[in-house]
There are 2 protein chains.
Amino acid sequence: MNFAIIGATGNVGRKTIEVLEKSKLKIDNLSLVASEKSVGQKLRFKNKDIKVEQLEKYDFSKADITIFAAGSEIAEKWIPRASKKTIVIDNSKHFRMDNEVPLIVAEVNPEDLTNHKNIIANPNCSTIQLMLPLKPLHDKYKIKRVIVSTYQAVSGAGKASVDELFSQTKNYLNKKDIKSENFTKQIAFNLIPHIDSFVEDGYTKEEWKMENETKKILDKNIGLTATCVRVPVKTSHSESVNVEFENEYNLDTAKEILRSAPGCKVVDEHKDGGYITPLEAEEDYLTFISRIRKDHSNKKALNMWVVSDNLLKGAALNTVQIAELLLRKK
Amino acid sequence: MNFAIIGATGNVGRKTIEVLEKSKLKIDNLSLVASEKSVGQKLRFKNKDIKVEQLEKYDFSKADITIFAAGSEIAEKWIPRASKKTIVIDNSKHFRMDNEVPLIVAEVNPEDLTNHKNIIANPNCSTIQLMLPLKPLHDKYKIKRVIVSTYQAVSGAGKASVDELFSQTKNYLNKKDIKSENFTKQIAFNLIPHIDSFVEDGYTKEEWKMENETKKILDKNIGLTATCVRVPVKTSHSESVNVEFENEYNLDTAKEILRSAPGCKVVDEHKDGGYITPLEAEEDYLTFISRIRKDHSNKKALNMWVVSDNLLKGAALNTVQIAELLLRKK
């Protein structure tokens with residue numbers, strides 16, 4: 001089986017190489033593709049150096065499955081032609097809400113892969129980790145409404161944004177001038193309640209994505225409202241989630257459901273340190289759930305804290321899992 | 001008029017000196033009081049050095065109004081005897097839920113000061129800044145339920161915790177070992193979903209305080225559920241707030257109400273940078289409100305982002321405002 005990664009040298013591209021290497025997929029050939037400025041770079045895969053090829057010159061018929069780990073513009077321009085020759089799994093937001101494109105979280109809605117037209121979309125990172133605990137809770141109790149506040153790591157904004165967090169932090173400590181180029185304001189020792197561009201009613205696109213992707217993946221009748229905030233953390237997104245069910249629920253049963261949720265791990269002791277922090281979730285394939293408790297203001301509602309590596313389950317891992325699902329179907 | 005500050009050398013004590021100096025209060029004498037280890041230190045007030053006195057030896061009859069900026073244990077031990085000789089305004093949580101003790105946010109419930117018994121409690125920092133926008137919204141639309149996720153600065157945990165954030169950050173950047181003494185886990189480039197101790201149903205005391213103090217200050221019929229999270233920010237707490245009213249509301253009217261809310265400033269443009277971040281609220285007396293928008297999942301609900309300097313409005317400033325209210329009454 002032949003694979004290609006478009007945007008191989010970025011944060012998500014590199015993670016995808018790592019995840020492919022650890023996977024059980026039988027990979028005969030892996031093409032690493034990027035923009036002109038990265039051509040000639042070599043990246044390691046299974047003890048071999050692979051030369052980065054140029055997107056403009058790449059022949060998509062060389063790959064059975066191509067993972068796009070680039071932005072929306074690249075996706076818009078290249079995926080329509082690529083998908084005539086290869087199955088595309090796209091990380092960008094461009095095709096997610098297209099009715100003809102399945103939007104897949106591997107453990108949650110694999111059945112939606114049926115009848116894909118060679119393009120499959122990977123959801124937004126902050127959506128994916130939320131779907132994992134919500135899916136089995138929805139199956140049991142039917143979710144009416146979700147209120148989520150996010151605490152999102154800078155690596156979700158790309159490699160340059162990670163560098164900016166660290167350079168701003170150094171300059172702050174050394175009392176030097178701080179420049180913001182990737183973020184609209186200083187991110188070091190600060191928070192920015194704004195991710196992706198603003199849409200007309202005062203929401204950001206990131207918040208809009210969580211709302212609409214959840215409807216597409218889980219159930220169009222679920223209401224969701226999100227506030228998305230960038231925090232000075234390198235990797236792993238955290239989410240404070242309030243879930244309201246149609247009916248009353250049992251907390252112990254809900255906890256049992258979460259403990260059995262595919263791809264999840266519950267870490268929830270009512271004591272110092274008995275919960276997960278983003279630093280601890282980094283490099284882990286699992287989505288962690290802590291602070292599960294009854295909402296005193298509404299007996300049909302539950303609070304929880306959900307943390308996952310945004311580059312892994314939020315991106316690279318889920319795309320590789322989608323590839324595995326595609327091959328299993330054959 | 002004679003004033004005293006107990007715990008004068010801590011984060012909040014020092015801020016209280018600053019706020020008193022800027023206030024219009026006529027202060028004849030200011031006593032600065034602390035534990036034995038700080039005795040002999042000198043702190044500046046109105047171009048004069050004041051020597052720190054020892055709590056155990058302090059004569060409370062010297063002050064008309066005494067502001068306690070110390071912890072619960074000091075409050076429990078000393079306030080019952082102090083309040084026989086001076087009016088006490090206490091920052092700690094110890095007396096807040098006592099039926100005989102008014103719990104005051106200056107702009108919100110000054111009328112509750114009537115019939116105090118020489119002890120007045122200052123609410124928790126994360127509660128105070130939330131009350132300012134909620135009060136006028138409640139007056140107009142009657143609030144049914146509030147769901148809040150906090151992003152709380154380390155200075156709320158004291159001076160040693162601020163030092164720990166910066167020393168951990170330096171060690172992280174220099175690849176040295178990181179020790180956590182004030183926090184249960186690393187706070188540098190991380191988040192800790194745990195503030196104050198755990199209570200029995202899985203909530204933390206900080207979350208419990210927000211819930212119960214809101215009922216005492218605003219209305220016992222308001223339901224509130226909180227998730228409190230420590231973030232690697234030095235000063236200013238931020239809150240992602242979802243407010244559900246009893247009835248449908250008008251967004252423009254709600255915005256107008258918030259623009260006129262005492263002690264508040266709305267900063268809310270739907271564009272890059274058109275919102276407040278904690279760094280920008282530092283050193284400011286105002287509570288800032290951004291990201292005001294209709295909740296698509298419930299037409300009776302509204303989202304907003306609320307930021308305030310936790311050492312000022314969340315502590316020192318509100319206690320000085322309480323003193324001003326007490327003197328205005330006379």
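Every number in this text was worked out from the coordinates using simple rules, so none of it is lab data. Everything quoted here is computed from the prediction, not taken from an experiment. Note: ideal-geometry Cβ built from the backbone for every residue, glycine included; neighbour counts use all protein chains shown.
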- Among B:S308, B:S23, B:N122, the residue whose Cα sits farthest towards the positive end of the charge dipole of chain B (+1 at Cβ of Lys and Arg, -1 at Cβ of Asp and Glu, taken about the Cα centre) is B:S23
- Query: Do the sum for chain A: with -39,500 (n - 2.57) for every DSSP H run of n ≥ 4, divided by all residues, what is the mean residue ellipticity at 222 nm, to the nearest 500 deg cm²/dmol?
  - Reply: -9000 deg cm²/dmol
- Item | Pairs beyond 30 Å (Cα-Cα), from A:K159/A:K294; B:K22/B:K300; B:K22/B:K144; A:K42/B:K175; B:K117/B:K300 | A:K159/A:K294; B:K22/B:K300; B:K22/B:K144; B:K117/B:K300
- Item | Whole-number Å³ per residue for the convex hull built on Cα positions in the protein assembly as shown | 156
- Counting only DSSP beta bridges with both residues in region B:127-310, tell me the antiparallel percent, nearest 5. 75
- Message: Once you keep just the Cα pairs under 8 angstrom separated by 6 or more residues, what percentage relative contact order results for chain A?
- Response: 18
- Determine the gain in length on full extension of the stretch B:K48-B:E36; use 0.36 nm per residue of separation and subtract their C-alpha separation, reporting nm with one decimal. 2.1 nm
- Query: Between B:K176 and B:E324, what FRET efficiency comes out of the Förster formula 1/(1 + (r/R0)^6) with R0 = 41 Å and r the beta carbon distance, rounded to 0.05?
  - Reply: 0.30
- Candidates per GluC sites (Glu not before Pro) in region A:12-52, loop by DSSP, up to 11 other Cβ within 10 Å: none
- If one computes the Cα centroid of region A:119-161 and of region A:249-263, what distance in Å separates the two points? 18
- Item | Mean Cα-pair separation over length for region A:127-309, i.e. relative contact order, pairs under 8 Å, 6 or more apart, % | 28
- Note on the structure: Those GluC sites (Glu not before Pro) from region A:109-217 that are DSSP loop and have at most 11 other Cβ neighbours within 10 Å turn out to be A:E181, A:E200
- Can you tell me how much longer the chain between A:E21 and A:D59 gets when fully stretched, taken as 0.36 nm per residue apart minus their C-alpha distance, in nm with one decimal? 11.4 nm
- What is the fewest-to-most order of B:D59, B:D112 by other Cβ atoms lying within 10 Å of their Cβ? B:D59, B:D112
- Message: Please list, by residue number, every one of the trypsin sites (Lys or Arg not before Pro) in region A:62-136 that is coil in DSSP and has at most 15 other beta-carbon atoms within 10 Å.
- Response: A:K84, A:K85, A:K117
- Which of A:K179, A:K215, A:K255 moves most in a GNM of chain A, Cα contacts under 10 Å? A:K179
- Task: Please tell me the relative contact order of region A:1-70 in percent, rounded to the nearest whole number, where contacts are Cα pairs under 8 Å and at least six residues apart.
- Result: 44
- Task: For an R0 of 22 angstrom, estimate the FRET efficiency from the Cβ-Cβ distance between B:E111 and B:K215 and round to the nearest 0.05.
- Result: 0.85
- Message: Compute, for region B:127-310, the length of the dipole vector about the Cα centre, with Cβ point charges of +1 (Lys, Arg) and -1 (Asp, Glu) only. Units Debye, rounded to 20.
- Response: 200
- Among bridges DSSP assigns within chain B, what percent are antiparallel (round to 5)? 50
- Query: Running Debye on region B:127-310 with equal point scatterers at the Cα sites and no solvent, what base-10 log of I(q)/I(0) appears at q = 0.08, 0.15, 0.20 Å⁻¹?
  - Reply: -0.28, -0.89, -1.36
- Message: Can you compute the FRET efficiency between A:N118 and A:K142 using 1/(1 + (r/R0)^6), with r the Cβ-Cβ distance and R0 = 30 Å? Round to the nearest 0.05.
- Response: 0.30
- Along Cα→Cβ at 7 Å, what distances in nm separate the B:G158 label point from those on the other copies, shortest first? 4.4
- Peptide-level mean, for B:229-240, of C-beta atoms on other protein chains within 10 Å: 5
- Item | Label distances, nm, A:N247 versus same residue in remaining copies, Cβ-directed 7 Å point | 3.3
- Message: Looking for one value pair here: nearest-to-axis residue in chain B (by Cβ) for the rotation onto A, and the distance in whole angstrom.
- Response: B:S149, 2
- Translational diffusion of region A:249-330, µm² s⁻¹ [Kirkwood Rh, Cα pairs; Stokes-Einstein; 10 °C; 1.306 mPa s]: 111
- Residues A:F3, A:F68, B:F60 arranged by fewest to most Cβ contacts within 10 Å: B:F60, A:F3, A:F68
- Of all DSSP beta bridges located in the protein assembly as shown, what percent are antiparallel, nearest 5? 50
- Rg and Dmax of chain B, Cα atoms only, in Å: 19.9, 59
- Query: Quick one: B:V199, A:V233, B:V19, fewest Cβ neighbours within 10 Å first, how do they rank?
  - Reply: B:V199, B:V19, A:V233
